[in-house]
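Heads up, the thing below is written out as structure tokens.
The values are calculated or read from the model by the stated rules, or taken from the named source; none is laboratory data. Here the structure is a predicted model, which is why all the values come from computation and not from measurement. All Cβ positions, glycine included, derive from the backbone under ideal geometry; neighbour counts span all protein chains shown.
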Amino acid sequence: MGTSQPEADSVTLQHGGIRLVADRAAARITRLGWDTEGTGREGVNLLKAPVELRMWKAGAPVAASSRLVSADGQRVRYELSVGEAGRLVWEVDARSDGLRMSVACAADASRAVDKLELAFPFEPTTVMTSVISSNWTDDGRFRLPAILSAPDLGQMLVTSPGVPGLAGRMEGSRPGKWLVVTLELPLPAQGARTDLRLAPVVLPKPAGYRDENRWRAARRGWFNLVQQSCGASGGGVEVHGVWANNSLSDPVSSVLYMLVDATLLVPDLAPGVGMAPILRRSVDYWLDRKTAADGLVAYTAGGTGQNVMDSNPTVLIGAWGYVKATGDLGWLASRMDRLRLISRYMEHRDVDGDGLVESKQSGNSGSRPPRDPDCAWDCYVSGHKNAYVNALAYRACQGMADLDRRLGHSEEARRYEALAGRIKEAFVPAFLNPETGWLGFWRSRDGVLHDLHMDAPTSIAVSYGLIDKEQGRGMLQAYWKALMATGFSRFDLGVPLNLRPVPREEMEHYTEFQRFLNAGCGVSNTSYLLNALYGVGMRREADMILDAMLKRQDEGAFPNGGGFQNGFVDQMGGGAEVFDWSGKPEGYEGHLVYCWAFLHSMLMREPVMREMALGPGAHAAGKAAPVPVGRK
């Protein structure tokens with residue numbers, strides 16, 4: 001949990017939801033924490049090592065002697081001496097409006113120093129504190145304003161009033177489990193200073209959403225949806241700032257539609273920090289860096305040679321979402337050739353001409369070699385005709401039709417509408433299981449329908465309008481009856497991925513029943529069910545799940561305040577993105593951005609918000625009075 005010292009050797013600054021401990025003997029902050037919701041979590045230390053002001057000359061570090069000049073319960077001031085006569089003053093001030101820092105030049109230090117850096121070494125195993133920025137440069141740096149986001153603790157908007165666009169770096173190591181955010185400060189002239197402000201961010205309730213209690217329980221956690229890569233999982237400087245599982249983990253192309261939903265629902269996070277540029281940077285990355293000559297989009301930033309079939313449609317959905325959010329037709333026109341390339345790959349995978357996209361993998365039981373998934377559900381041997389893949393392809397075709405209409409390409413728009421229509425016509429006959437009354441996951445090349453007794457294929461098809469509302473309601477009622485029959489009751493964890501054990505020969509990575517993707521509670525998958533339940537009018541069931549999850553999100557379950565994250569784990573069997581039915585963590589990431597997709601569902605409970613994200617073709621949720629959420 002970071003460095004601590006005896007009280008006599010340190011100074012504690014605490015004001016409102018900010019708490020930091022400064023060293024008396026050297027210029028450094030040894031503990032730092034904040035809480036933007038007033039729940040007392042500012043005592044959680046975010047640091048792996050002290051915050052320090054670092055000095056450089058011609059690329060080499062410069063040693064400085066320092067002393068504490070003054071200190072009280074609100075402010076500390078250090079003097080740092082460099083060279084023969086150079087003196088800098090570093091002041092740290094905790095206030096009701098946040099944290100302020102300044103670096104001033106008391107005596108010319110330019111002969112000894114040509115660059116200053118303020119380094120924040122965060123402890124990711126506590127929480128995945130990282131940068132959210134809309135502005136990244138070609139060399140992988142970010143520019144202010146930016147948000148320092150500490151999941152389930154709070155967010156600080158970092159600005160430098162006198163230095164607009166001040167640059168910084170986010171660097172880390174996945175195996176070493178460290179992440180450092182460094183702000184690159186100009187060396188002030190004698191008598192001048194550079195100011196930094198860290199102001200608490202409390203996200204306003206979105207227009208169109210009415211439930212104040214639910215929003216208050218969710219608003220801090222909404223930021224948990226946004227983690228941007230620092231390149232720790234490969235990809236070079238080009239991957240910096242791309243939406244990722246978490247900042248130390250992989251960017252994954254095939255779930256980009258979740259970032260689309262977040263962008264359309266809450267486009268602005270703080271002054272100068274918006275979602276649309278984050279989405280655009282991610283789409284551009286996959287288009288420019290990870291699309292093969294034949295149009296196949298790679299699965300992860302570091303991965304090659306895999307034949308996933310959900311990556312192409314989700315990148316198309318990403319492009320549609322960016323243009324819908326911004327109206328940026330200039331960007332669209334410049335990207336349309338690339339979008340058509342990946343669309344053609346998807347279209348050509350209808351190898352038998354029935355309207356459905358077929359994966360290269362056969363999907364036959366026991367058929368797949370290691371690590372060749374056909375979709376993001378990458379522990380199963382799914383393949384051939386995959387309901388999840390085709391639901392995304394349907395949304396992608398609708399999105400491409402809209403993009404072409406915006407550019408005045410009416411013939412192409414009609415072609416994409418026809419492609420979507422063919423998917424819809426073939427969808428239910430291909431995947432309906434008459435024995436259960438809902439949809440199976442995939443139909444393999446040998447003709448077998450593989451029904452893992454999961455709601456996801458049915459739920460996502462209902463939400464996207466592939467299934468008639470009344471037919472969808474019947475399917476979900478059958479699923480709900482089967483769920484109730486299992487005796488499952490831990491709805492604070494979400495719902496299980498599936499309701500019966502997955503046969504061993506249908507899993508590439510096998511786990512026992514109720515663990516990981518063999519019926520574990522995957523948190524993120526619950527959003528599919530919630531969206532579908534609201535869409536068909538099963539609000540009582542949806543509210544029961546949603547409010548249990550919101551209560552856990554609000555109150556927390558782990559020492560770091562997290563309900564669905566326990567810091568960066570990166571070890572199978574310990575991460576809080578998947579639970580067994582008793583609530584024991586069974587995941588590996590620890591922080592997985594998709595977990596908070598259930599907050600999308602919370603907003604899409606309102607018909608106007610649902611249409612905003614999914615479009616008019618989605619089933620509209622009915623209206624009901626808001627239900628209060630319990631709080632500490």
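Residues in the range 154-194 that are over 17 Å from V237 (Cα atoms) and of a type in the set (K, R): K177, R193.
When S149 is tested against (1) of a type outside the set (V, I, T); (2) farther than 24 Å from E238 by Cβ; (3) at pLDDT 95 or above, exactly one condition is not met: (2). Taking the criterion of being more than 18 Å from V536 (Cβ to Cβ) and either assigned by TED's automatic domain parsing to the domain that holds A376 or among the polar types (S, T, N, Q) (or both), no residue of the range 589-608 qualifies.
Only one of the listed residues (R41, R31, R75) is over 29 Å from D554 (Cβ atoms) and of a type in the set (K, R). That residue is R75.
Among the residues of the range 280-311, those that are farther than 18 Å from S249 by Cβ and in contact with a Ser or Thr (Cβ under 6 Å, 6 or more places away or on another chain) comprise V297, M309, D310. Please go through the range 386-418 and pick out each residue that is surrounded by 23 or more Cβ atoms within 10 Å (Cβ to Cβ) and farther than 19 Å from K324 by Cα. Passing the criteria: N386, A387, Y388, V389, N390, A391. Every listed requirement among (1) outside any loop (DSSP other than H, G, I, E, B); (2) under 14 Å from the mean Cα position of the chain (by Cα) is met by L248 save one, (1).
Considering only the range 309-326, I want to know if a residue exists there that is β-branched (V, I, T), more than 27 Å from S382 (Cβ to Cβ) and touching a residue at least 40 places away in the same chain (Cβ under 8 Å). Checked the range 309-326: at least one residue is β-branched (V, I, T), more than 27 Å from S382 (Cβ to Cβ) and touching a residue at least 40 places away in the same chain (Cβ under 8 Å).
R344 fulfils the conditions (1) farther than 29 Å from D250 by Cα; (2) basic (K, R); (3) outside any loop (DSSP other than H, G, I, E, B) except for a single criterion, (1).
Yes/no per residue for (1) assigned by TED's automatic domain parsing to the domain that holds N498; (2) of a type outside the set (D, E, K, R); (3) part of a helix (DSSP H, G or I); (4) on the phi < 0 side of the Ramachandran plot:
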| site | (1), (2), (3), (4) |
| --- | --- |
| S365 | no, yes, no, yes |
| R368 | no, no, no, yes |
| D372 | no, no, no, yes |
| D378 | no, no, no, yes |
| A396 | no, yes, yes, yes |
| G399 | no, yes, yes, yes |
| D404 | no, no, yes, yes |
| E411 | no, no, yes, yes |
| G421 | no, yes, yes, yes |
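Checking the range 18-33 against the condition returns no match, with no residue being over 31 Å from the mean Cα position of the chain (by Cα), buried (at least 18 other Cβ atoms within 10 Å of the Cβ) and at pLDDT below 95.
All told, V202 falls short of being part of a helix (DSSP H, G or I), of a type in the set (V, I, T) and modelled with pLDDT of 95 or more. When E506 is tested against (1) at pLDDT below 95; (2) within 17 Å of S489 (Cβ to Cβ), just one condition goes unmet, and that condition is (2).
Scanning the range 351-363 for residues that are within 22 Å of E425 (Cβ to Cβ), touching a residue at least 12 places away in the same chain (Cβ under 8 Å) and in a loop (DSSP other than H, G, I, E, B) gives D354, G355, L356, V357, S359, G363. Exactly one residue out of G241, G221 is small (G, A, S), over 19 Å from D261 (Cβ atoms) and not assigned by TED's automatic domain parsing to the domain that holds E555, and it is G241. Of the helices (runs of 4 or more DSSP H) lying entirely inside the range 447-558, those carrying at least 2 residues that are in contact with a Lys or Arg (Cβ under 8 Å, 6 or more places away or on another chain), buried (at least 19 other Cβ atoms within 10 Å of the Cβ) and in contact (Cβ under 8 Å) with a residue 40 or more places away in the chain are 526-536, 539-555. Take the conditions (1) closer than 17 Å to A376 by Cβ; (2) touching a strand residue (DSSP E or B) at 6+ places or on another chain (Cβ under 9 Å); P496 misses just one of them, which is (1).
Output the residues belonging to the range 275-293 that are touching a strand residue (DSSP E or B) at 6+ places or on another chain (Cβ under 7 Å), part of a helix (DSSP H, G or I) and of a type outside the set (G, A, S). Step through it out loud before you land on a result.
Initially, the range 275-293 is screened for residues touching a strand residue (DSSP E or B) at 6+ places or on another chain (Cβ under 7 Å), giving 275, 278, 281-282, 286, 290-291.
Next, from what is left, pick out any that are part of a helix (DSSP H, G or I): 275, 278, 281-282, 286.
Once the filter is applied, which keeps residues that are touching a strand residue (DSSP E or B) at 6+ places or on another chain (Cβ under 7 Å), part of a helix (DSSP H, G or I) and of a type outside the set (G, A, S), the range 275-293 yields M275, I278, R281, W286.
When we screen T36, T12 for residues that are of a type in the set (S, T, N, Q) and in contact with a Pro (Cβ under 7 Å, 6 or more places away or on another chain), the only hit is T36. If the condition is being touching a residue at least 40 places away in the same chain (Cβ under 8 Å), in a strand (DSSP E or B) and out of contact with any Ser or Thr (no Cβ under 6 Å at 6 or more places or on another chain), then the range 129-148 contributes V131, W136, I147, L148.
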